[in-house]
Amino acid sequence: MRELILGADGGGTKTKLVAVDARTGAEVAKAISGSIHVHIMGMETAVANMQAAIRGLRLSRDDRILALGIGDPALDDRGEDTKEPFRQQLLSRGVCPAEAVCVTKSDVFMALYAFSGGNPAALIVAGTGSMGVAFQKPYRHGEKNAILTVGGWGLPVNDPGSACDIAVRGIAAAMDAFDGIAPPTMLCEAALRFFGAASPRAMIDVFNGDPLPRNEIAAFAREVDACALSGDRIAADILMAAGEALGKYAICLLRGIDTPSRRIGIYGSVLLHNQSVREAFACTVQTVFPNTAVCVPEKPPEYGAVAFAAHALGIHWEE
């Protein structure tokens, strides 16, 4: 019989789940399913997707789940005593075994835990949305911990520096150029092509018909990047502003950490894959904290969820 600890990273489009051996910390299985974001999917679908992820691990009947750690994208880490509805549903419906420990935090929290293991540090995540979180002091299970957060507001502000924010600013720049109140930009042609509009005024039907999902709008951020790489100044300025906004988030968090050793982690498609945004981010941070290292976490968020659940049980593997 294997004793296992599971860790889940929930996102807006998919959930990644990993199972590790509780004795050694070695990975034994992985699975991917749909989103567990209850505000997007609804509770029934979110629970079903979590159940599908666990089934996807193809565990044997003899396997025993000791703990399940979940990075829940619908949480904001507002308090240690919050009774998370999603976790309660998993327990009441038997998706998580009654005898297992089930712990939930936000997906950004688990990404930070993967980065720092609970040691003081800060992390900025910029994907479809953006948010930052930091441990002011070493995180201790069962104690009142100081968790600092910035961003993650969602609509209507679109989260500064996020793919959605970049996309909306790019679309607005194209529309201003169509109207002649702003300089010409490659974003005009890119917007027509990307959204399948035959003419500028046809864009009205695109955005005022059936609502476009946020992730579909956010995907236009890649077009903004492509235009910037082709020499478009308007697009380049949008990316620089995004990096600066994320850098200001980071500065806010770093000022709150009680440690002389400063690190800032980055995660999410915008910061990991967009060089212009990343460079502007690093420059902004290092103007205030010149000795701060900008780091990409070595382990993904689902491993942070595993470590968080393991530490809740008092299990610590050698790093």
It is to be established whether one or more residues within region 38-46 are in contact (Cβ under 8 Å) with a residue 12 or more places away in the chain, touching a helix residue (DSSP H, G or I) at 6+ places or on another chain (Cβ under 7 Å), among the aliphatic types (A, V, I, L, M) and surrounded by 15 or more Cβ atoms within 10 Å (Cβ to Cβ).
yes
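Residues checked against (1) open to solvent by less than 30 Å² (accessible area, probe 1.4 Å); (2) closer than 22 Å to residue 69 by Cβ; (3) among the aliphatic types (A, V, I, L, M); (4) not in a strand (DSSP E or B):
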site	(1), (2), (3), (4)
246	yes, no, yes, yes
253	yes, no, yes, yes
258	no, no, no, yes
281	yes, no, no, yes
290	no, no, no, yes
294	no, no, yes, no
306	yes, yes, yes, yes
309	yes, yes, yes, yes
Answer yes or no as to whether residue 103 is open to solvent by 20 Å² or more (accessible area, probe 1.4 Å), among the β-branched types (Val, Ile, Thr) and either assigned to a strand (DSSP E or B) or touching a Gly at 6+ places or on another chain (Cβ under 9 Å) (or both).
yes
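Does at least one position in region 169-178 carry a residue that is within 19 Å of residue 71 (Cβ to Cβ) and modelled with pLDDT of 90 or more?
For region 169-178, residues within 19 Å of residue 71 (Cβ to Cβ) and modelled with pLDDT of 90 or more: absent.
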Can you name the residue in region 49-76 that is hydrophobic (A, V, I, L, M, F, W, C) and part of a loop (DSSP other than H, G, I, E, B) and is also surrounded by the most Cβ atoms within 10 Å (Cβ to Cβ) among such residues?
75
Out of region 11-34, which residues are open to solvent by less than 50 Å² (accessible area, probe 1.4 Å) and at pLDDT below 90?
11, 12
Please state which one of 177, 182, 202 is in a helix (DSSP H, G or I) and surrounded by 13 or more Cβ atoms within 10 Å (Cβ to Cβ).
177
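The values are calculated or read from the model by the stated rules, or taken from the named source; none is laboratory data. Only a predicted model underlies this, so the values are computations on that prediction, with no experimental measurement involved. Positions of Cβ are backbone-derived with ideal geometry, glycine not excepted, and every protein chain shown enters the neighbour counts. Accessible surface is based on the protein model in full, side chains and every heavy atom, while ligands, DNA and RNA are left aside. Shrake-Rupley method; radii C 1.70, N 1.55, O 1.52, S 1.80 Å.
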